[in-house]
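Report on one structure; see the data block that follows.
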Amino acid sequence: SAVISQKPSRDICQRGTSLTIQCQVDSQVTMMFWYRQQPGQSLTLIATANQGSEATYESGFVIDKFPISRPNLTFSTLTVSNMSPEDSSIYLCSVGRQGETQYFGPGTRLLVL
Amino acid sequence: TQLLEQSPQFLSIQEGENLTVYCNSSSVVSSLQWYRQEPGEGPVLLVTVVTGGEVKKLKRLTFQFGDARKDSSLHITAAQPGDTGLYLCPPNAGNNRKLIWGLGTSLAVNP
């Protein structure tokens, strides 16, 4: 299994600002995924980060709000733009295969005031 | 639409007790994974069950996959505070479809 790190581990932000979350993997992987886990809710897939092409977003998530970069096979970033308190959540990156076993990073806990 | 139900949703027990949590899919699945997510952390893969009727053991944790491949259970013997966490059981969707996540079972083991 891959070792995945995320930065920052947690942050408190003011509404209207943006935060970029980094995800680093210790080996080259084809697919990287970004999830959101809101309080009391299950994991919700935001998008699949594709190397060399635009991310694939799930219904209800748009690139303007959650721009994603994937410059190489070991790294990805997720930006939460123009934040509001409703964006307070845990953001998780994972690697693996779509619909199959995935390995998760430790998560980024975001609080928007 | 495939539905995933986990029960109970919340469970609080004393150290040393035994417990079982359940995972039920509305459709047959090819395989199923169990994760544990501790507070403030990402989900950690515990096991993948693949064969109907399969039983896998991980120390004090016993995982069972139903013969009909629609249900699974996790039994913990002599629970310890370190077992505290959210237990999730997404089935493998295959065919490039995304994982289905339920609300999980939130387990608290009190010393």
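The values are calculated or read from the model by the stated rules, or taken from the named source; none is laboratory data. What you are looking at is a predicted structure, and each value in this text was computed from that prediction instead of being measured. Here Cβ is always computed from backbone atoms with ideal geometry, including for glycine, and neighbour counts include all displayed protein chains. The accessibility values were calculated without ligands, DNA or RNA, using every heavy atom of the protein model including side chains. Shrake-Rupley method; radii C 1.70, N 1.55, O 1.52, S 1.80 Å.
Can you tell me, using C-alpha contacts under 8 Å and at least 6 residues apart, the relative contact order of chain A as a whole percent?
The value is 36 percent.
Give me the percent of accessible area attributable to carbon and sulfur for chain B, probe 1.4 angstrom.
Of all accessible area on chain B, carbon and sulfur atoms account for 50 percent.
Dipole of chain A, Cα-centred, from +1 at each Lys and Arg C-beta and -1 at each Asp and Glu C-beta, to the nearest 20 debye?
I would put it at about 200 debye.
With labels modelled as points extended 7 Å from the Cα through the Cβ direction, what inter-label distance (nm, one decimal) is found for B:Ile13 paired with A:Gln51?
If labels sit at B:Ile13 and A:Gln51, their model points lie 4.3 nm apart.
For the peptides B:83-90, B:33-40, A:68-75, what is the packing order when you average, over each peptide's residues, the other Cβ atoms within 10 Å and list the highest mean first?
Going by the mean number of other Cβ atoms within 10 Å, highest first, we get B:83-90, B:33-40, A:68-75.
How high is the relative contact order of chain B, in percent, counting Cα pairs under 8 Å that sit 6 or more residues apart?
Across chain B, relative contact order equals 35 percent.
Which aspartates and glutamates have a Cα less than 19 Å from the Cα of B:Lys57, not counting those fewer than 8 places away in the same chain?
Result set, ordered by chain and number: B:Glu17, B:Asp67, B:Asp71, B:Asp83.
Tell me the net charge near A:Tyr57. Cut-off is 14 Å between Cβ atoms, A:Tyr57 excluded, with +1 for each Lys or Arg and -1 for each Asp or Glu.
+1
Say the cut-off is 31 Å between C-alpha atoms; which of A:Lys65/B:Lys70; A:Lys7/A:Lys65; A:Lys7/B:Lys98; A:Lys7/B:Lys70 go over it?
Violating the 31 Å limit, Cα to Cα: A:Lys65/B:Lys70; A:Lys7/B:Lys70.
Give me the accessible area per residue for chain A, probe 1.4 Å, as a whole number in Å².
On a per-residue basis, 47 Å².
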